[in-house]
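Written below as structure tokens is the structure these notes are about.
Values quoted throughout were computed directly from the atomic coordinates according to the rules given, and no laboratory measurement underlies them. Worth saying up front: this structure is predicted, and the values here are computed from it rather than measured. Glycine gets a Cβ as well: all are built from the backbone with ideal geometry, and neighbour counts include every protein chain shown.
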Amino acid sequence: MKNYLIIFFIIVAIFLSRNNVFAQEEEATVFEPSLGLNTIKRTDQTRDLITKLMYRADKGFVYPENHKVSFYYLDEGNEKFLATIKTTNDGSAILKLAANYVIPADEEGFMNFLARYEGNDTIAATEEQIAVKDLKMEMITEIIDSVKTVTVNAVSLASATDTIKEIEIGLFVERMFSDLPVADGMFDAGTVTMEFLKRIPGDKKGNIKVIARITENEIYGTVEVEKVLDWGIPSHLHIREVPQTRQLWTPIAPLWMIITLIIMLVGVWGHYIFSVIQLVRISKDGKNKS
Amino acid sequence: MTREGIDFVRWVAPQIEQTRRKEYIWFAFLISVVLLAIYTFITQEVKGHIVTGMRDNVVWGIYIVNFIFFMGVSYAGAIVSGSLHLFEASWRKPVVRIAEFTTVFSLLIGPVFILLCIGRLDRLPYIAFFGRIQSPIVWDVIAITTDIFGCLIYLYLALLRDFAFLRDNPHLKVPKWKKKFYRVLSLNYKDTPEQRIKLDLSMNIMSAMVIAIAIIVYSVLAWIFSVTLQPGWHSTIFGPYFVIAAVFSGVAVMILIMWIYRKVYHLEELFQEKHFVNMGVVLLVLAALFGYFTFSEYLTKWYGSEKNDEQLIKLLFSRYYWEFVLSNYAGVLYPLIVVGLKRFRTINNITFAALLVVISLWINRYLIVIPTLESPYFPIQDTRPEWVHYLGTWVEWTLTAGGVAMFALLFSIGAKFFPIVQVTKMHDEYEDIERVEYEKEREF
Amino acid sequence: MKKKNKPDKQNSRRNFLKTGLTAGIAGLAGGVGLMALSQKTSAKKTGQTIKLLTPDGKLVELDKSVLDENSLKPAPRKEAKKGLPNRKFVMVIDLSKCKNARKCVDACQEGHYLPKSQEWMRLYLLKDSPETAPYWFPRPCFHCDNPLCVSVCPVGATYKRSDGIVLVDGEKCIGCKFCMTGCPYSVRVFQWEKPEVPAEIAHLDYSPETNLPPVKGTVGKCVFCADKLRKNELPRCVQACPMGVIYFGDINEDTVTNGEETVQFSELIKNKAGYRHLETLGTRPSVYYLPPVNRGFPVERGLEGYEKELVDRYKDVPLSNINNND
């Protein structure tokens, strides 16, 4: 009997201790984040390196703020440090390289970038790499036969022999939350022509920002060139406004309502005042009599 | 004043002088109900309106029904007393004071119910500071304030002669403070011709005003509902419909009060059958008008069978079937039969008809407010029963009882200070009648 | 082809976003996908400057004017009355794509700390007539151009801004609930009891743009996430929808977007026969609907996987016109 009891207690002890071990393992969960790395060549020839740090937790995705992401470029296999940027409230860390910042290319003409997140107790470390060739684009806007036309010329800065062909490019107009696509085209021999046919509202003078953008191309990354021109509809021709004149729902009432109310109130309270005056006079009469 | 005068007062308004034991019990009962209501009110303010049956769809419940009902009763009083004064009907005299009291006291109770419906009572002054005159609620606030002042002035004008009468009577056995009260309020009225002229002029003006105000104010209340787009409320005849229903309910309440005072103070000679019959005839006419308006409303909705109107009518005839039949059929037909057929035209029958009318009209208001909110444009797709259908909770019923008790309390207290009959005018009439009879005897 | 990141993850993620087969993944990257993020970083107001690296290794902060922190927080009461200049916001809801995923409801309740019983965005299962097919109908506040709720407010606690958004000032509302009867779309909800205020928002100054911290005894409703609009971010329901049902934009720009697709508003309404719900009531809503045409899934899909309490809400709606009386 005693033996059985001892075995029983040993089994229970093992069972309980195993539970503790499991619990500890659970407590030590480390989140595996992802750090997307993308590059955009802007119209002013600066280059943005964009990362977004995020990981999946029980409730959904978390975008940690104020974590350091380090950017490097690779020169013949060696990491050269660029800068360290802290993530913003949506987990993104962006580094902009000046237009005249020269990144050396490898033998194939690619610039290699690296973004690294060191990690901490709860989030694992991660890094991403991207390789892109440099591209220079210019946009020419003109009206040919009363059709608004955009011509984009692209030249590869990696090697003079590379011709830009069979690369998709889109034409957009900048809007409040995103960019509105208005046309697209395909590069052929380093140039593409797109027609701007849509009627898009602009500001007071009809200005809109037109953007020609190659989106996430495998070789060149994202490259864009933009221009502000007056190809939009001026605001006075299209703007919808919430009327600020007196309506039922405005803070100040329509005039006729105010006037009607005043007339009615004066009419009624005037009679009240008259009656009260009569009462006062009655009282005075009584006093004089006695 | 002669001894006959004091006997007259003691006969018609004995409660001014003496307080019987029954009255003490009555007052104690009323005050306890009111205290219970105050406790309930505090519960509601502390816990929030979740203790009522109101939810996001039916946001207005029993409080608004009570508000409409009491305001209706008050406007009826105003119209009845105003028109009786203007038309100088001879039978009117005992009834007029009761009408005036009903007007003022229910006008003081009604707005209390609307205040119970407001989520943030601490911000009530905002209506005065930030009021938007495009809002029907602001119209209503302005209108009710105007109405309260008007009715108070009117009541005061009506009471002035009685105050003087009571002040001058040396045999009146009341404590000194009450005597002083009458002296101050009587404003040195000595019934001189100049004073008489001024008083009559004011009374004429105010009685006309009071009628006009009552109609306007109650229409404004109706417009709070009819300017919204809710099916069942968005009706063009709501203004006149509410006014008719108001006068109808008010006349019924007045008949009830007349009957109570007649019974309790043995005033059979004062409130004679002819008074009940005449009020009954008014009740009959109003019942016919009310029935006509109600029929017109529902016929239009039913025949046109617009989708949301149809949904509302279906709701009325399924969930609220017996309430609908009671209020719109029984409440209309019973007074018509009882007063219309001479055989049934007794005091008790007419009073019972009045009681039925009061209940019917309260239910009618309930059926106007709540079923509409239970059948909105977007279907209520919810599983919580109290969010789908409205059911009044103990909080709301207790506060309703408190409101009724408060009304009765105000009325009873008022009767102890102000005679419930126009003593001076009645006395004039009796003096005239006596003089005529005396002269007749002398001729023999 | 030398892109040395994790291509499969990115491309497959983009595919998921496009077809919307998997719910929840669109919550990635804040809903404004990585593509759009990379495009819009210049315009989005994050409250932080972009750092520029010069050739001599100096890190320069660009565009310090962006650093006005106050313009990014939800506006206080007085500022909240002013709409964003020259804007007029409009929403388009594509009924052919909605399958009652309810992510919009969840995101709205989470973002505004609402209890589960209060829904500013509500999902109805509508069946207009016996022979027409039922469809899922997300209903936010319509921010009408002729708002009856605003007309009837006795103290002006609710108001319509110049950018079209109708807000409620919970510090002015007296709780008369007239606006709740004035709204024919049952949009508004009431704080019937003392609200549970989580610690993280209890200390905030009240803002009508978020209706936080909530006030007992007042009225609340969908605010078109006015606090997010200040930062050029889309409302929470728009970002959360896995099917891309809700489009949002400025009608003065003639553009609406659901986070993935950006389209011209006038084109969308013209091509897909957009309409407004209960137009004849005359309230002139700012929310347009695209009819449920060519739905890719049966309407019953919207009831799958939910607890009984939710499914019971729609028990009165017959899903099939065939009487199965066996």
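Summary table
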quantity: Centroid-to-centroid separation of region B:104-132 and region C:200-240 [C-alpha atoms, Å]; calculated: 29
quantity: Per-residue Cβ neighbour rank within 10 angstrom, fewest leading, C:Cys108, C:Cys173; calculated: C:Cys108, C:Cys173
quantity: Test item: Cα-centred dipole of region A:34-132, Lys/Arg +1 and Asp/Glu -1 on Cβ, debye; calculated: 440
quantity: Peptide ranges A:170-180, B:142-152 listed from the most packed, as the mean C-beta count within 10 angstrom indicates; calculated: A:170-180, B:142-152
quantity: Average Cα contact separation per residue, chain B, under 8 Å, 6 or more apart, as relative contact order %; calculated: 32
quantity: Neighbour cut-off at most 14 other Cβ (10 Å), DSSP loop, GluC sites (Glu not before Pro), region A:214-269; calculated: A:Glu218, A:Glu241
quantity: Förster radius 30 Å - calculated FRET efficiency between B:Lys190 and B:Arg20, Cβ distance, rounded to 0.05; calculated: 0.35
quantity: Cα→Cβ-extended label distance, 7 Å offset, between B:Leu201 and C:Lys82, nm; calculated: 5.8
quantity: Dipole in debye (nearest 20) - region B:3-443, about Cα centre, beta carbon charges: Lys, Arg +1; Asp, Glu -1; calculated: 900
quantity: Two-site label geometry, B:Leu115 and A:Met257: point separation in nm, points 7 Å out along Cα→Cβ; calculated: 2.6
quantity: Region B:30-170, relative contact order in percent, only Cα pairs under 8 angstrom and at least six apart counted; calculated: 24
quantity: Chain B - mean residue ellipticity at 222 nm from DSSP helices (-39,500 (n - 2.57) per run, n ≥ 4, rounded to 500); calculated: -26000 deg cm²/dmol
quantity: Zero-based 10 Å bins, Cα pair distances in the protein assembly as shown, whole percents; calculated: 2, 9, 15, 17, 15, 12, 10, 8, 6, 4, 2, 1, 0, 0, 0
quantity: Relative packing of peptides A:279-286, C:217-224 - highest average C-beta neighbours within 10 Å first; calculated: C:217-224, A:279-286
quantity: C-alpha long axis of helix A:2-27 to longest principal axis of chain A, angle in °; calculated: 70
quantity: Test item: C:124-136 mean partner chain Cβ contacts at 10 Å; calculated: 1
quantity: Dimensionless Rg/Rh of region C:77-300 - Kirkwood Rh, Rg from C-alpha atoms; calculated: 0.95
quantity: Packing rank of B:296-302, C:129-135, where each peptide gets the mean count of other beta carbons within 10 Å, highest leading; calculated: B:296-302, C:129-135
quantity: Shielding by partners, peptide B:222-233 (average Cβ within 10 angstrom, other chains); calculated: 3
quantity: Volume per residue of the C-alpha convex hull in region A:34-132, rounded to whole Å³; calculated: 103
quantity: Value in Å of the Kirkwood radius, where chain A supplies the Cα pairs that are averaged; calculated: 26.3
quantity: Normalised per residue, the volume of the convex hull around the Cα set of chain B (Å³); calculated: 170
quantity: Shielding of C:210-217 by partner chains, average beta-carbon count, 10 Å; calculated: 2
quantity: Per-residue [θ]222 nm for chain A (sum of -39500 (n - 2.57) over DSSP H runs n ≥ 4, rounded to 500); calculated: -8000 deg cm²/dmol
quantity: Relative contact order %, region A:145-212, counting alpha carbon pairs below 8 Å whose residues are six or more apart; calculated: 37
quantity: FRET efficiency, 1/(1 + (r/R0)^6) with R0 60 Å, evaluated for C:Lys315 and A:Gln45 via beta carbons; calculated: 0.45
quantity: At R0 = 51 Å, FRET efficiency that the Cβ-Cβ distance of B:Ile42 and C:Glu279 yields, to 0.05; calculated: 0.65
